[in-house]
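J.: To start, I am sharing the structure in question, which I have written as structure tokens.
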């Protein structure tokens, strides 16, 4: 199964994500979830970025919060709303929002 996981909040998600299992997983950061790709606490990046999943962040939400694509961790691919729709309909069989 290919699972897309939409993360819209900046809180500790690594415990939840570690329990999910699929042959392919993609984490899609939207709304306040984009802070996982931009904020470092005590010099450390978010544990969400440590997963071997494909990680995406919505460009519109990045810009709304005053960041640019250059502020995003290099492991994260920035996407537009159109890209998000393509991911949901073409790349993942199931999508969950956490």
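J.: With the requirement that a residue be part of a helix (DSSP H, G or I) and either touching a residue at least 12 places away in the same chain (Cβ under 8 Å) or surrounded by 11 or more Cβ atoms within 10 Å (Cβ to Cβ) (or both), what does the stretch 65-83 give you? Let's see the steps before the verdict.
T.: Taking the stretch 65-83 and keeping what is part of a helix (DSSP H, G or I), we get 69-71, 81-83.
Result: 69, 71, 81, 83.
J.: Here's something else I'd like to know. Which pairs do you get when a residue that is under 11 Å from residue 5 (Cβ atoms), found in the stretch 84-97, comes within reach of a residue that is in a helix (DSSP H, G or I) and at pLDDT 90 or above, reach meaning Cβ atoms under 8 angstrom, with the pair 6+ apart or on two chains?
T.: Here the result reads 95/88, each pair linking the stretch 84-97 to a residue that is in a helix (DSSP H, G or I) and at pLDDT 90 or above.
J.: Further question: Could you please give the count of residues in the stretch 52-64 that are surrounded by fewer than 13 Cβ atoms within 10 Å (Cβ to Cβ) and closer than 13 Å to residue 33 by Cβ?
T.: First, pick out the residues of the stretch 52-64 that are surrounded by fewer than 13 Cβ atoms within 10 Å (Cβ to Cβ): 52, 64.
Narrowing further to those that are closer than 13 Å to residue 33 by Cβ: 64.
The number of residues fulfilling the criteria is 1.
J.: While we're on this one: Residue 48: in a strand (DSSP E or B), touching a strand residue (DSSP E or B) at 6+ places or on another chain (Cβ under 9 Å) and either in contact (Cβ under 8 Å) with a residue 40 or more places away in the chain or closer than 24 Å to residue 19 by Cβ (or both), yes or no? Talk me through it step by step, then tell me what you get.
T.: On the way: in a strand (DSSP E or B): no; touching a strand residue (DSSP E or B) at 6+ places or on another chain (Cβ under 9 Å): yes; either in contact (Cβ under 8 Å) with a residue 40 or more places away in the chain or closer than 24 Å to residue 19 by Cβ (or both): yes.
Taking the combined requirement at face value, the residue does not satisfy it.
J.: Name the single residue that is modelled with the lowest pLDDT among those in the stretch 26-51 being surrounded by fewer than 19 Cβ atoms within 10 Å (Cβ to Cβ), under 12 Å from the mean Cα position of the chain (by Cα) and farther than 13 Å from residue 6 by Cα. Steps first, please.
T.: Here is the first cut: in the stretch 26-51, the ones surrounded by fewer than 19 Cβ atoms within 10 Å (Cβ to Cβ) are 31-32, 39-45, 47, 49-51.
From the residues that got through so far, the ones that are under 12 Å from the mean Cα position of the chain (by Cα) too are 31-32, 47, 49-51.
Cutting the leftovers down to farther than 13 Å from residue 6 by Cα gives us 47, 49-51.
Values: 47: 84, 49: 86, 50: 81, 51: 75.
So, considering only residues that are surrounded by fewer than 19 Cβ atoms within 10 Å (Cβ to Cβ), under 12 Å from the mean Cα position of the chain (by Cα) and farther than 13 Å from residue 6 by Cα, the one modelled with the lowest pLDDT is 51.
The values are calculated or read from the model by the stated rules, or taken from the named source; none is laboratory data. Since the model is a prediction, treat every value here as computed from it, not as a measurement. Backbone-built Cβ (ideal geometry, glycine too); neighbour counts: all protein chains shown.
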